[in-house]
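Peer 1: Can you read through this structure? Questions will come right after.
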Amino acid sequence: MITRIFLVVALLGLSACEQVNQKLGLEDPAKKEAKAEQEAKAVGSACRQSGRAIEDCYSIYAWLPKAGIYAGWREMDEYMRENKMETIAPQLPPPEPPGTKKKKKGQEAPADTDAKAEEKAEPEKKTEKH
């Protein structure tokens with residue numbers, strides 16, 4: 001009886017092994033590479049459909065393989081030419097590449113603070129009327 005319970009528990013534990021490994025970042029390198037390639041092709045297709053240049057896609061999505069982005073971009077280009085489709089203008093701005101810092105609402109660049117100071121100084125100057 002105890003061995004049966006142990007076997008059932010072991011089987012349940014092993015069936016979720018792939019999910020646990022994925023959460024821990026212990027994926028099979030071949031599967032991880034295949035997944036990245038598929039994502040890169042999808043991104044390349046989306047970039048072409050939105051009219052974005054291939055170089056822009058490379059810089060925005062630098063963590064994806066360039067070969068996959070190009071393959072997706074080229075496939076979508078052929079598809080759009082065959083079906084005489086127009087590009088679709090993106091509604092949202094492109095995402096920032098990883099590693100770039102976003103500005104907070106209260107923070108401004110140093111160059112902007114100089115311009116703000118000049119704007120504040122101008123209204124203080126008043127001309128005298130005689």
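Throughout, read-outs are computed from the coordinates displayed, never taken from laboratory work. Computed from a predicted structure; not experimentally measured. For neighbour counting, all protein chains shown are included, and Cβ atoms are generated from backbone atoms with ideal geometry for every residue, glycine included.
Peer 1: Dipole of the stretch 33-88, Cα-centred, from +1 at each Lys and Arg C-beta and -1 at each Asp and Glu C-beta, to the nearest 20 debye?
Peer 2: In debye, rounded to 20, the stretch 33-88 gives about 40.
Peer 1: Which order do the peptides 33-44, 49-60 come out in when sorted by mean C-beta neighbours inside 10 angstrom, highest first?
Peer 2: Result, highest mean Cβ count within 10 Å first: 33-44, 49-60.
Peer 1: Rank by packing, highest mean first: peptides 65-71, 82-88, with packing defined as the count of other Cβ atoms within 10 Å averaged across residues.
Peer 2: 65-71, 82-88
Peer 1: Can you pull the Rg over Rh of the stretch 33-88, Cα-only, Kirkwood?
Peer 2: Radius of gyration over Kirkwood radius for the stretch 33-88 works out to 0.98.
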